[in-house]
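The values are calculated or read from the model by the stated rules, or taken from the named source; none is laboratory data. Note that the structure is a prediction, hence the values are computed from the model and not measured. Glycine also receives a Cβ, built like all others from the backbone with ideal geometry; neighbour counts cover every protein chain displayed.
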Number of protein chains: 2
Amino acid sequence: MRAANSSPFVLKMSAFAALSCKELAVIERLQRRRRVFVLGHDLVHQGQPEPPAYILLSGWANSYKMQSDGGRQIVDIQVPGDFLGLHSVLLHRADHTVEPVVDIEVAEIKKEDLFEAFGRAPRLAMAILWAVSRNEAMVAERLVDLGRRTAVERMAHFLLELGARLTLVGEGSATGYACPLTQYQLADALGLSSVHANRVLRQLRMEKMTTFRDGYVTFDDRERLVGLAGFDPAYLDQDGPFPRQIQGNDKDKS
Amino acid sequence: MRAANSSPFVLKMSAFAALSCKELAVIERLQRRRRVFVLGHDLVHQGQPEPPAYILLSGWANSYKMQSDGGRQIVDIQVPGDFLGLHSVLLHRADHTVEPVVDIEVAEIKKEDLFEAFGRAPRLAMAILWAVSRNEAMVAERLVDLGRRTAVERMAHFLLELGARLTLVGEGSATGYACPLTQYQLADALGLSSVHANRVLRQLRMEKMTTFRDGYVTFDDRERLVGLAGFDPAYLDQDGPFPRQIQGNDKDKS
DNA sequence: CGTTAGTTTGATGGTCCTCAAGCACTGTGG
DNA sequence: CCACAGTGCTTGAGGACCATCAAACTAACG
């Protein structure tokens, strides 16, 4: 149970509500079907009927959609504690592909597992709905990135968001984090060409705001970066770790 | 109860699964708190703590995020049967504003209502999770619009998506639909300037693919439009008859 | 009949894409 | 030990797409 208490998934869910022993047990049970995926082997592919979902235990993954013209848009980057393909599990067919960014360890979750868990712990249904909602909030914020921010702002915002998400599960800090993404992947996530992504990173580095190099993101001047990006982490709804400007502190529900 | 059976919300949920009488009753109860909002009065505003959610009974609404520089990005357009702000109800603060597009009628839903409903009908929790998932799929598809499609493709794709969604709730057809949006709103949804949105609409009209005029969208040549947009409605999860089942809880099948 | 909201068109220029090429590092096999 | 290929990063040049600025036009409305 100490293992469960420190798992990234439990850390994340605890940002929603303190979990009871029973709920922790249901979560533990939900994660019983462990699997490993290596680089190059998709977990879910676009169009797959009745896809399962996964909880990412370690490593990074990403979800993307391909177009007929070969264009690729990464919809979400997932870090430990995140669901993979949760929003596909109830759709008839997966609307996107999920692939590992590095070798990963996951727990497989079938639709029936969810249904069973919901019956056992209605509050867990709320918690999972929260996770999906938070995910949608992140996609929505990316939409603002692509629709209304310049390439530099987008990049800054995205790197800050990843930092905040990683901090929540204990894998990042205000000064930086390990980031296994390539510049191609960053570009596909931000709707840029890889060439331009590279130029933008250079600019951020030369202006001493953030450095992306050798699989590591360093925040050289986090404050200015936040200002440039217009980054307000409220949408991540994780009052715990570092945003303290939020004081909405009404206590948990029934 | 035939009133409930023909409400847009029930029509939509029926695309997920055939609903039992008990579930219909729980849904009916969920919609008991009716309200009206007129143009100019927001339902939810960005930053609002503990916002409620709504079910849109009639009229259109949209959700948007503002930036400090005055830029606006519409994240979602909602039509009858859709939830409003559902993904905010579990976050501690609303991450976006919801405003009417025309005068609307809604049913207000509080967090506790959801919790209660989940306890009464676990399958309804699945259905609502489905609705949220579908919503995320739509936002993701919009992300592809903004990231990887040209302005014309975006516009075509968006107008087709709206048509499909409206058809599901009985307010649209393959030839067109009533659309109360202004070109400014279209532009804000698609990450374009209103000037360019106008040019794009003109192009689509002159090439005889679709006409947007006087509050009505007409598909002049739907086939070519679908080709141009690369529109594949699979992500809406509403195609064909609906042989759905969760667990062994159903009778008929393919 | 002035005001306002929405639509339409023109002109100019910036952001970012595309094409192209070179560099650095790693692993592979002769 | 040295090609050689593969992957990822970096930089340059030219041009397309779309934003911005500006202004005219229409319809609704008091």
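Brief remarks follow.
- Residue list for the stretch B:160-182, restricted to those being within 16 Å of DNA strand D (Cβ to nearest atom) and either in a strand (DSSP E or B) or touching a strand residue (DSSP E or B) at 6+ places or on another chain (Cβ under 6 Å) (or both): B:178
- Long-range neighbours under 7 Å by Cβ, at least six apart or interchain, first residue touching a residue at least 24 places away in the same chain (Cβ under 8 Å) within the stretch A:129-155, second within 16 Å of DNA strand D (Cβ to nearest atom) and aromatic (Phe, Trp, Tyr): A:145/A:158
- When residues of the stretch B:59-76 are limited to those that are over 22 Å from residue B:111 (Cα atoms) and in contact with a Pro (Cβ under 8 Å, 6 or more places away or on another chain), the one surrounded by the fewest Cβ atoms within 10 Å (Cβ to Cβ): B:59
- Residue B:227 within 14 Å of DNA strand D (Cβ to nearest atom) and out of contact with any Phe, Trp or Tyr (no Cβ under 7 Å at 6 or more places or on another chain): no
- Set side by side, the residues B:192, B:143, B:84 differ, and just one is surrounded by 18 or more Cβ atoms within 10 Å (Cβ to Cβ), within 16 Å of DNA strand C (Cβ to nearest atom) and under 17 Å from the mean Cα position of the chain (by Cα), which is B:143.
- Per-region count, the stretch B:105-119, residues within 20 Å of the chain's Cα centre (by Cα) and farther than 15 Å from residue B:27 by Cβ: 2
- Matching residues, the stretch A:195-220, being more than 15 Å from DNA strand C (Cβ to nearest atom), farther than 25 Å from residue B:66 by Cα and either part of a loop (DSSP other than H, G, I, E, B) or not β-branched (Val, Ile, Thr) (or both): A:205, A:206, A:208, A:212, A:219, A:220
- Meets criteria (touching a helix residue (DSSP H, G or I) at 6+ places or on another chain (Cβ under 7 Å), at positive phi and in contact (Cβ under 8 Å) with a residue 40 or more places away in the chain) for residue A:85: no
- Test: residue in the stretch A:110-121 that is in a helix (DSSP H, G or I), within 27 Å of residue A:205 (Cβ to Cβ), more than 16 Å from DNA strand C (Cβ to nearest atom) and within 9 Å of another protein chain (Cβ to nearest Cβ): no
- Taking the criterion of being among the polar types (S, T, N, Q) and under 17 Å from residue B:184 (Cα atoms), the residues of the stretch B:48-99 that qualify are B:62, B:63, B:67, B:73, B:78, B:97.
- Evaluation of residue B:165 against the conditions (1) modelled with pLDDT of 95 or more; (2) facing chain A (nearest Cβ under 9 Å) shows that the sole unmet condition is (2).
- Looking only at the stretch A:137-159, and only at residues there that are within 16 Å of DNA strand D (Cβ to nearest atom) and touching a His at 6+ places or on another chain (Cβ under 9 Å), the one that is nearest to the other protein chains (Cβ to nearest Cβ): A:144
- Qualifying residue in the stretch A:42-57 (condition: under 16 Å from the mean Cα position of the chain (by Cα), surrounded by fewer than 21 Cβ atoms within 10 Å (Cβ to Cβ), in the same structural domain as residue A:91 (by TED's automatic domain parsing) and closer than 26 Å to residue A:216 by Cα): yes
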